[in-house]
Amino acid sequence: AAMVKESVRVYARVKPLGRRQQAGIYSVDEGENSLSNLEIIVPHDLADGFINNKRESYQFKFQKIFDQEAKQDVVFDSIAKPVAECVLAGYNGTIFAYGQTGSGKTFTITGGAERYSDRGIIPRTLSYIFDQLQKDSSKVYTTHVSYLEIYNECGYDLLDPRHKASRLEDLPKVTIMEDPDQNIHLKNLSLQQATNEEEALNLLFLGDTNRVIAETPMNQASTRSHCIFTIHISSKEPGSAVIQRSKLHLVDLAGSERVAKTGLGGHLLTEAKYINLSLHYLEQVIIALAEKNRSHIPYRNSMMTSVLRDSLGGNCVTTMIATLSVDKRNIDESISTCRFAQRVALIKNEAVLNEEIDPRLMVIQLKKEIQELKDELALVTGEQRTSELSQEELLRLDKLIEIFLEDNDPDSNLNVGADMRKIKYCFSHMKQLMNHSKISDKKLLSQHTSEEKDTNKDVGEELKKLQELLQQRNNEINILVNMLKKEKKKAQDALFHLNAASAGSAVFEQCPSVNLEERQSPSSCSSLKEAKDLIYSVHRLPFLSRETGGKMSLGCQEAFEVFKRDHADSITIEDNKQLLKQRFSEAKCLGEKLNESRNKINHLKGEITQKQFQRAALAVSNPSEELNTFDPVEEELRTQIEKEKKRYKTMFNRLKVLKVEIEHLQLLVEKVRMKMQKDFEVWWSEEAINLQVR
């Protein structure tokens, strides 16, 4: 695509002085090589009486300078028309006005409200663009406009058609989105179609009505926000697949003056901070762009610079108008505006023709082209071709391939004619046959080897399992033997003490029938009993050996029983179990009593009901009797019911307390049991390790 490389064009416009304003000293010189020169003189007496070494003369170069008497149409023709022409040709364009509040930015961009001849750049550009579009019948054009206001770093859509806003906050909020290619998209900003100049001007009028104006002492109608009016144009030649899209930003920036001059409280100071901040970021971007070897440009710092990203150093033809107020009070602001403009003039932009292909039209064109080529081919070969080979053709090819492969003559060839479809089919068919024969050979080979592998694997696994089991049983036997030795030693010690204590006593004479094995130890009798218990408790043991992953082996269970007996926590478990037993029986007893109490209450209620029936019957047969007479028997029954209810309540509360206690005890028992199992597991695995070490 064609490209236009050029620096940002910078113009200056001097605002006419008011009646009571004193003019500063400046001169305009239409210099050589098409640039104009502006000189501003600052006499020393302006410097508030201090001794002042500041220079007196300041020189600035501009593309063109419009002095106080310049008319709106001249400004449009010089500044905006060339940019509008570029936009109509498919390039992006931007025109922005920069200067202090009251220096004529809005007048230049939008225009004055008094006279028709005061129209500014936006309405004149709209007029010019629609005029050109009507004259050009070679293309189909569509035009849209959008109007964005940025105020305190928030964006607002000024063309919201639903309502005219009374406050800025009522308007739809616009936010910035960035796509993966780092293109900026404005979310929630409406694009309104305008088919002619009148519709476009109506939209501009709606936007201007929605603009919020804040009062400052410098200018009763000064705008405290940035406004961007954008015209979007897309065009296409009939029948062409190429679409051109371009856009023109017309930007009215907020006042560039410093905060001190805005002498209002609270609200406006916040604004001034933000406004100056976003202009400060604009300045940073411009400084960064003017530096030769700068890779990072801080566009993202503010909404304003994000929106104008392409306009500054990007794909855009950009023009700036510096608006100057040259009365004595504002001379310093004018100098700073000119300095800013000189920096902007250093920025180089590369505008590219924005063309894209319409995919739908492209598809239609390609289909047409394919058909033409098919017709041409049919002419040359003398036969009409479809894109697919027919079933008969495929069968014929299969037969030819078969004959070719079976023929042993090395010079034989496969002739299918000059048809790429047939040639391709033959190749793919041969490839399939080759792969098929390879696969079947491999399958036979792999079947034999895998069968052998499987049998070997099974035998090996079985052997490994048996070895592991044997090792485990060995360990268990060794641990049990060690335990047995300890038990035996305990028994012998006890026997020794017993013999020492009862030496010469007549204990044995009294029971001669007891044989020696039975009296070997006082604990042997209890050991026998425990062994019996052990057999019963084995099947109830919840503990599973983690190594085997199945039920505990018998050896392991026996060891666990002995371990349990010597474990300190077994006493705790026993105590808690006893307590649980008591609490259970207490609860059972209470339950029975509660039932009794409930039955008694129901019985008493029944008696009262019967009494009432009797009285009602009596009243019917003997009407003179008073129905509501006091009955002492009934009163006595009621008292009993109340008493019984109190008793019932007391017992019920006690049962509730018991239930909580029982649950708590059960938890405790379970906890201790788990701990004991854990300890046993640790001990058991340690014993097994010790054995292996030995």
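Miscellaneous remarks
- Looking across LEU158, LEU133, LEU189, one residue alone is within 20 Å of ARG245 (Cβ to Cβ), buried (at least 21 other Cβ atoms within 10 Å of the Cβ) and in the same structural domain as LEU250 (by the TED database). It is LEU189.
- Across region 552-566, not a single residue is classified as modelled with pLDDT under 80, farther than 30 Å from THR650 by Cα, open to solvent by 70 Å² or more (accessible area, probe 1.4 Å) and not in a helix (DSSP H, G or I).
- Residue-level analysis places ARG360 among those that are open to solvent by 90 Å² or more (accessible area, probe 1.4 Å), part of a helix (DSSP H, G or I) and under 30 Å from LYS247 (Cβ atoms).
- Within region 622-643, if we keep just the residues that are assigned to a helix (DSSP H, G or I), at pLDDT below 90 and open to solvent by less than 90 Å² (accessible area, probe 1.4 Å), the residue that is nearest to LEU594 (Cα to Cα) turns out to be LEU637.
- Matching residues, region 290-322, being in a loop (DSSP other than H, G, I, E, B) and touching a Cys at 6+ places or on another chain (Cβ under 6 Å): ASP310
- Considering residues of region 114-126 that are within 49 Å of the chain's Cα centre (by Cα) and over 18 Å from LYS247 (Cα atoms) only, the residue least open to solvent (accessible area, probe 1.4 Å): GLY120
- Set PHE680, PHE652: member being touching a residue at least 12 places away in the same chain (Cβ under 8 Å) and either within 30 Å of ASN482 (Cα to Cα) or assigned to a loop (DSSP other than H, G, I, E, B) (or both): PHE680
- The lone criterion from (1) within 45 Å of the chain's Cα centre (by Cα); (2) open to solvent by 80 Å² or more (accessible area, probe 1.4 Å) left unmet by ARG329 is number (1).
- Criterion: at pLDDT below 90 and open to solvent by 20 Å² or more (accessible area, probe 1.4 Å) - qualifying residue of SER295, SER311, SER278: SER295
- Selection within region 452-493 - under 23 Å from GLU558 (Cα atoms), open to solvent by less than 60 Å² (accessible area, probe 1.4 Å) and within 55 Å of the chain's Cα centre (by Cα): GLN472
- Count of residues meeting criterion [more than 60 Å from the chain's Cα centre (by Cα) and either open to solvent by less than 100 Å² (accessible area, probe 1.4 Å) or hydrophobic (A, V, I, L, M, F, W, C) (or both)] in region 387-411: 7
- LEU414 falls short on exactly one of the conditions (1) surrounded by 10 or more Cβ atoms within 10 Å (Cβ to Cβ); (2) over 52 Å from the mean Cα position of the chain (by Cα); (3) part of a helix (DSSP H, G or I), and that condition is (3).
- Residues (small (Gly, Ala, Ser) and either open to solvent by 90 Å² or more (accessible area, probe 1.4 Å) or closer than 24 Å to LEU395 by Cα (or both)) located in region 422-451: SER428, SER437
The values are calculated or read from the model by the stated rules, or taken from the named source; none is laboratory data. Everything numeric in this text was worked out from a predicted model, so none of it was measured. With ideal geometry, Cβ positions are generated from the backbone for all residues, glycine too; neighbour counts draw on all protein chains shown. Surface accessibility is based on the protein's heavy atoms, side chains included, excluding ligands, DNA and RNA. Shrake-Rupley method; radii C 1.70, N 1.55, O 1.52, S 1.80 Å.
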